Amino acid sequence: MDPDRLARIAEAIGARVGPDPATYPQGVCAAAADLLGVSGAGLTLMTESELGAVWASDPASRTMEDLQFALGEGPALDAFRWGAPALEPSLAGSSRWPFFGPQAVGLGVEAVFSLPLQVGVICLGALNLFRDCPGFLSQDELADALVLADVVTGDLIDLQAQGMLHWAPSDYQGQRARVHQATGMVSVQIGADMTSALARLRAYAFVNEMSIFEVADMVLDRTLRLSPHTLQ
């Protein structure tokens with residue numbers, strides 16, 4: 001690893017991370033945006049079964065993170081599943097994520113780059129970069145991003161091992177908790193497992209041009225009851 005590159009990345013992180021270890025993930029997102037010249041950055045930790053803790057450099061990037069959860073697709077999910085970078089320099093010209101792509105473009109994001117936070121075969125999540133104009137990262141920017149992802153992975157593992165950082169879901173408005181609760185209710189209504197119930201919520205939201213959070217609230221308020229064949 002290039003020591004000059006590593007020193008520059010460490011300096012960028014140090015400039016954004018405060019003395020409290022709990023500020024590390026949020027600071028890393030800001031550092032990534034500073035260092036790589038992107039519009040915003042997000043950090044998502046996840047497991048095979050759910051999207052977990054989320055941090056972002058700004059509200060727009062946080063929306064991008066939540067959008068992937070709501071739609072069940074996107075670069076962070078691909079980077080995590082495949083253990084390889086998911087790089088898309090032109091969302092408008094790509095059919096890679098047929099639901100996420102158009103909605104992201106509609107919100108002003110033209111390019112996305114997600115890097116797995118990986119050690120060996122273990123993947124913790126993804127570092128996600130968002131750009132408001134199309135175009136690839138330069139060779140140096142991509143090299144910086146890959147090294148940054150490696151550094152962040154090591155730091156997160158160390159902080160957790162020392163008990164200085166707990167990976168509780170970062171859901172300030174309780175949106176994801178409401179979706180999980182509604183998914184449980186739908187699983188009973190349609191007689192299916194949680195995965196199928198979540199897919200039904202997403203399908204209903206898409207067909208009716210609503211967010212999954214709005215549909216979840218309707219289910220919880222009992223103004224909507226889904227059947228195995230209900231989409232409208």
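The values are calculated or read from the model by the stated rules, or taken from the named source; none is laboratory data. Because the structure is a prediction, the values reported are computed rather than measured. Glycine gets a Cβ as well: all are built from the backbone with ideal geometry, and neighbour counts include every protein chain shown. For the accessible areas, the whole protein counts, side chains as well, though only heavy atoms, and no ligand, DNA or RNA atoms are used. Shrake-Rupley method; radii C 1.70, N 1.55, O 1.52, S 1.80 Å.
What the table below lists for this structure:
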{"quantity": "Cα-based helix-to-principal-axis angle, 59-71 vs the chain, degrees rounded to 10", "calculated": "50 degrees"}
{"quantity": "Span from the the range 189-232 Cα centroid across to the the range 1-37 one, whole angstrom", "calculated": "40 Å"}
{"quantity": "Most mobile of Gln118, Gln103, Gln181 in a GNM of the chain (Cα contacts under 10 Å)", "calculated": "Gln181"}
{"quantity": "Per residue accessible area of the chain, 1.4 Å probe, in Å²", "calculated": "48 Å²"}
{"quantity": "Lys/Arg +1, Asp/Glu -1 at C-beta; the chain dipole; positive extreme among Met46, Cys133, Pro116", "calculated": "Met46"}
{"quantity": "Solvent accessible area, Å² - Asp155, 1.4 Å probe, full protein context", "calculated": "50 Å²"}
{"quantity": "Label corresponding to Rg/Rh (Cα atoms, Kirkwood Rh) when calculated from the structure given, among (1) 0.94; (2) 1.00; (3) 1.10", "calculated": "(2)"}
{"quantity": "Tilt relative to the chain, helix 194-207 - C-alpha long axis, 0 to 90 degrees, to 10", "calculated": "80 degrees"}
{"quantity": "The chain, dipole about Cα centre (Lys/Arg Cβ +1, Asp/Glu Cβ -1), debye to the nearest 20", "calculated": "760 debye"}
{"quantity": "Heavy-atom SASA rank of Ile9, Ile122 (probe 1.4 Å, accessible area, largest first)", "calculated": "Ile122, Ile9"}
{"quantity": "Folded to 0 to 90 degrees: helix 139-161 orientation relative to the chain principal axis, Cα", "calculated": "70 degrees"}
